[in-house]
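Trainee: Here you go, one structure.
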Amino acid sequence: MGNMALIGLMDCNNFFVSCERLFRPDLLKKPVAVLSSNDGCIVARSQEVKDMGIPMGLPLFQAKQLSDTSSITFFSSNFTLYRDISARVMQTLAEEMGECEIYSIDEAFFELPDTVTEEEVHTIRSTIMRRVGIPVSIGVAKTKTLAKQASVFGKKGNGVFLLTEEIWKEKSKNAPCASVWGLGRATVGKLAALDVSTAADFMKLERGFVRKQFGVGGERIYNELHGTVSHNLERNSQDVRQSITSTRSFAKTTQKLIELESAVSYHITHAAKKLREKDLLCSRLYIELRASRHSDFSHRRGGAEIVLPESTNNTGDLLSFALQKVREIYDPDIPYKKAGVVCSGLIPSSFVPRSLFTEHSKDSTVNVIDSVVDRVTNKFGMHALHFASVLDSGARSSMALRSKEYTTSWGDIPSVHAK
Ligand SMILES: [Mg+2]
């Protein structure tokens, strides 16, 4: 074994589709697409559907206008299944390769010895296939940024690609800047204006110029493309899989919609702030509205789940989905005892799945309102500034059982008096 000098990226092929096919082997090699449950957009496509020219993120009705979709088998998103299969894939990879960095539901980085052969990488791939049944592509290179490129080459070929310096020298001439991991739309536009359209062009720029024009982030990508590690492997797998919960029982039961809305708004505000602190986005939201255990409604299902059309940590976005759901499941006859939210399907915000319908402004990490609210509430406490749907009375009633923010709010730091 040589030094652990190489980085691999494992990427599940058409992941949601592959999960569905696990239980429907009759659909192998047949066109399959997975829809977002909210608005019926296509969120995953089998190769056959890609070949039909149906783009990612297209609403179903538009896909039907575009081409004959009668041969396609459609599924609604089943995130419970996808997360479970994902965990099995990640566990298998970790068993084979040691602790890895789970990067998204279907991607992970891991370390490899620099002596690794293509055949050995194929073994990892076939082990995952044998144990879990999910086809994956693996790219291997000196840095994460290059491993990402390699996995794309692997996907187009036999599933494995070892990107050496020599091969990259050639391939980089045909790799558009937009295909480079971390070069966002704004940067790619700026580069195009400088007549820099390929990774090779970008790599030819002066380091100092890159730093000046594109900051430390740009310089890191530049280094990584030149084979110098600037993004270390982060073995933070637990962080990625956990969920963020904010929930509390009412002091007294309530049957008022406005109080439930207020409490859920309060919890969303809390949870969204935590997501931003941890640099995470959530893709699923569970709204808990539980009836009193002592009422006739104690058997009622205590909540509902929302699969978000796009992962987010934006308070406003999360609030609008949450409140809509609260109004849907609210029943005026039920004495409610508890309200809360659970954010799950967490991914690092550095991974922004680019969909066609993402507005450019939403591309950046945290929006302006959220960052202002975060700064004010960090200093003066959660009650200092809140969204209008958190009623003042509601906020107070839902805070009644909550201890002070001893460690996070200046106003709540305990004071000690000596006699
Ligand atoms: Mg994938």
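Trainee: Give me the residue from segment 116-134 that is of a type in the set (V, I, T) and farther than 21 Å from Y82 by Cα and, out of that set, surrounded by the fewest Cβ atoms within 10 Å (Cβ to Cβ).
Mentor: Taking the candidates together, the pick is T117.
Trainee: Report, by residue number, each residue of segment 155-172 that is surrounded by 12 or more Cβ atoms within 10 Å (Cβ to Cβ) and of a type outside the set (A, V, I, L, M, F, W, C).
Mentor: Passing the criteria: K155, G159, T164, K171, S172.
Trainee: Kindly check whether there is at least one residue in segment 1-11 that is at negative phi and touching a Cys at 6+ places or on another chain (Cβ under 6 Å).
Mentor: Within segment 1-11, none of the residues are at negative phi and touching a Cys at 6+ places or on another chain (Cβ under 6 Å).
Trainee: Do we find a residue being charged (D, E, K, R), at pLDDT below 90, within 16 Å of the ligand (Cβ to nearest atom) and over 30 Å from G227 (Cα atoms) anywhere in segment 92-111?
Mentor: Checked against the condition, which is being charged (D, E, K, R), at pLDDT below 90, within 16 Å of the ligand (Cβ to nearest atom) and over 30 Å from G227 (Cα atoms), segment 92-111 yields no hits at all.
Trainee: Taking only segment 51-95 into account, find how many residues are in a helix (DSSP H, G or I) and over 27 Å from R131 (Cα atoms).
Mentor: 8
Trainee: Going by the conditions given, is G133 of a type in the set (G, A, S) and within 14 Å of the ligand (Cβ to nearest atom)?
Mentor: no
Trainee: When you scan segment 192-267 for helices (runs of 4 or more DSSP H) that lie fully inside it, which ones turn up with 3 or more residues that are touching a helix residue (DSSP H, G or I) at 6+ places or on another chain (Cβ under 8 Å) and at negative phi?
Mentor: Qualifying helices (runs of 4 or more DSSP H): 199-204, 207-225.
Trainee: In the set S137, S126, S172, S151, which member is assigned to a strand (DSSP E or B) and at pLDDT 95 or above?
Mentor: None of the other options fit; the residue is S137.
Trainee: Applying the selection to segment 1-59, what residues are surrounded by fewer than 18 Cβ atoms within 10 Å (Cβ to Cβ), within 25 Å of V121 (Cα to Cα) and modelled with pLDDT of 90 or more?
Mentor: N13, L22, L28, K29, Q47
Trainee: Is it the case that segment 135-142 has a residue that's surrounded by fewer than 18 Cβ atoms within 10 Å (Cβ to Cβ) and out of contact with any Gly (no Cβ under 6 Å at 6 or more places or on another chain)?
Mentor: Within segment 135-142 (the criterion being surrounded by fewer than 18 Cβ atoms within 10 Å (Cβ to Cβ) and out of contact with any Gly (no Cβ under 6 Å at 6 or more places or on another chain)), the answer is yes, since at least one residue qualifies.
Trainee: Taking A87, is it buried (at least 21 other Cβ atoms within 10 Å of the Cβ) and touching a residue at least 12 places away in the same chain (Cβ under 8 Å)?
Mentor: Answer is no for this residue.
Trainee: Among (1) at pLDDT 85 or above; (2) surrounded by 14 or more Cβ atoms within 10 Å (Cβ to Cβ), where does G345 come up short?
Mentor: Among (1) at pLDDT 85 or above; (2) surrounded by 14 or more Cβ atoms within 10 Å (Cβ to Cβ), the lone unmet condition for G345 is (1).
Trainee: Do you know which residues across segment 25-45 are of a type outside the set (A, V, I, L, M) and farther than 21 Å from V307 by Cα?
Mentor: Result: P25, D26, K29, K30, P31.
Trainee: Follow-up. Consider only pairs whose beta carbons are under 6 Å apart and that are at least six residues apart or on different chains; among these, list those whose first residue lies in segment 58-79 and is under 22 Å from L27 (Cα atoms) and without any contact (Cβ under 8 Å) to a residue 12 or more places away in the chain and whose second residue is surrounded by fewer than 17 Cβ atoms within 10 Å (Cβ to Cβ) and hydroxyl-bearing (S, T, Y).
Mentor: none
Trainee: Taking segment 21-40 as the search range and keeping residues that are closer than 10 Å to S76 by Cα and more than 14 Å from the ligand (Cβ to nearest atom), which one is nearest to the chain's Cα centre (by Cα)?
Mentor: Result: S36.
The values are calculated or read from the model by the stated rules, or taken from the named source; none is laboratory data. Bear in mind the structure is a predicted one, so any value in this text is a computation, not a measurement. Every residue, glycine as well, gets a Cβ built from its backbone with ideal geometry; the counts of neighbours run over all protein chains shown.
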